[in-house]
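The numbers here are math on the coordinates, done by the rules we state, and not lab data. No experiment lies behind these values; they were computed from the predicted model shown. Here Cβ is always computed from backbone atoms with ideal geometry, including for glycine, and neighbour counts include all displayed protein chains.
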Amino acid sequence: MAEQQINGAVPINVAVLGGGSFGTALASIAADNNARVRQWMRDEALVAQINQEHRNGRYLPHYAINPAVQASTDLKTVLADASLVLIAIPSKAFRSVVQAAKVWLTPEQILVSTTKGIEPDSFLLMSQVLEQETGFEHIGVIAGPNLASEIADKQLTATVIASADPLTRTRVQQALGCRYFRVYASDDRHGVELGGALKNIYAIAAGMAAALGMGENTRSMLMTRALAEMSRFAVAEGANPMTFLGLAGVGDLIVTCSSNLSRNYRVGHAMGEGRTLEEAVSSLGQVAEGVNTVKLVCAKAREMGVYMPLAEGLSRVLFDGVPAQDMARTLMMGEQSSDVEFILPRESVLQAHRDQPNQHASSQTPSPLKKGD
Ligand SMILES: NC(=O)C1=CN([C@@H]2O[C@H](COP(=O)(O)OP(=O)(O)OC[C@H]3O[C@@H](n4cnc5c(N)ncnc54)[C@H](O)[C@@H]3O)[C@@H](O)[C@H]2O)C=CC1
Ligand SMILES: O=C(CO)COP(=O)(O)O
């Protein structure tokens, strides 16, 4: 059924690259909004199923897709005449798909990444890959609390379109905004994109904590300290910390740290139940971007001198075989610094401790964590 559009938009032609759960959910929203929607994927059988049964049996088996979505394995057909191109391809394949697509892309088109990951080696976010590959002007990113299966179920939610380009922001609001999906605008593209990528790290930690029987106070502390850590990293990367108060920061962090529908949360949960990382990832059968992101972000944070104890702790559980319980105990004995460091700088608290050393510290506090401990 056609949706009532917000902001009085004229329907546009939308291309979606990616046949996974998020690409499929977004294609259906745009079609609900009366756009002509073509969706590209590699799998011929999935194309046939979407076109004939209006269902994506591999990634969203229980949801009806708007019958107007036309799937195809042919990039040229999908991209022809599209004014908005949404790219929902996991980060490990993102650049190769853009490279394959770019012969049919034109500078008038609006290119929007929906991918919440980071490219290894380059440490580029996906909109930066888009910029590097195409050199186009109309580039943006969307991120927010957007679990694909809830969107496919038309549960109410919202996202953020972030771009320095006003046309990109407006067109995405017009193309996707409808009665069950609101689209807010931001010009902090880097902050919004980092928010989407970084929160996956803490969703893994939250799933692990839940499986270990930790309570709601613990989850709340974890999410709040995660926000402090994410914004600290983002500021070092040149983003605006205020962005983390929005849907792509705290909004996405809450949903992925609380829901079993999040694949990253499920990876953490499975590991908290005793599975290995390999078992947890292979039983998922879908992408959990946080596993690579934690590795890349920890390396970058060390290089930049950014303090990220939660990400470091998680990395040691995932890759160095440290038991999650032991890591939680170590983190609880780590430095006690500032709550909101944009109000009281962390360094002021640490300096005060140096000026007033605790007489009993040596018997109570373990030495700070070192790589290889
Ligand atoms: N599923 C969700 O709830 C949300 C996902 N995202 C982000 O969207 C991105 C895509 O995720 P999903 O659609 O959920 O993933 P998915 O795991 O459901 O599907 C991935 C899709 O990418 C395709 N793919 C993988 N490698 C490819 C290649 N080399 N060439 C062409 N296609 C390839 C797969 O065939 C599949 O169709 C991820 O970065 C994720 O973080 C963002 C918001 C919500
Ligand atoms: O980003 C998401 C929801 O906003 C989806 O999270 P997962 O990739 O963990 O499923």
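Some notes on this structure:
- Taking every alpha-carbon pair under 8 Å whose residues sit at least 6 apart, the stretch 83-191 reaches a relative contact order of 21 percent.
- Computed from Cα positions, the angle between helix 166-176 and the longest principal axis of the chain comes to roughly 70 degrees.
- Value of relative contact order over the stretch 13-187, rounded to a whole percent, pairs C-alpha under 8 Å and six or more apart: 20
- GNM result for the chain, Cα springs below 10 Å: residue of G249, G334, G140 fluctuating most strongly: G334
- Size of charge dipole - the chain - debye, nearest 20, with Cβ of Lys, Arg +1 and Asp, Glu -1, no other charges: 340
- Magnitude of the charge dipole for the stretch 196-340, about its Cα centre and with charges confined to Cβ atoms of Lys, Arg (+1) and Asp, Glu (-1), is about 100 debye.
- Antiparallel %, DSSP beta bridges [both residues in the chain], to 5: 20
- Here the contact order of the stretch 196-340, divided by its residue count and restricted to Cα pairs under 8 Å and six or more residues apart, works out to 32 percent.
- For peptides 265-274, 299-308, sequence by mean Cβ density within 10 Å, most packed first: 265-274, 299-308
- Helical contribution to [θ] at 222 nm, DSSP H n ≥ 4, -39,500 (n - 2.57), averaged over the chain, rounded to 500: -14500 deg cm²/dmol
- Folded to 0 to 90 degrees: helix 21-32 orientation relative to the chain principal axis, Cα: 40
- Charge tally in the Cβ shell below 15 Å around G144, where Lys, Arg are +1 and Asp, Glu are -1, G144 excluded: +1
- Each peptide in 164-172, 192-200 gets a packing score, the mean of other Cβ atoms within 10 Å over its residues, and the list from highest to lowest is 192-200, 164-172.
- Listed residues T77, T159, T115, most fluctuating in the chain (Gaussian network, C-alpha, under 10 Å): T77
- Cβ-placed point charges (K, R +1; D, E -1), dipole of the stretch 13-187 about Cα centre in debye, nearest 20: 320
- Compared with the dominant principal axis of the Cα atoms in the chain, helix 91-101 is inclined by about 30°.
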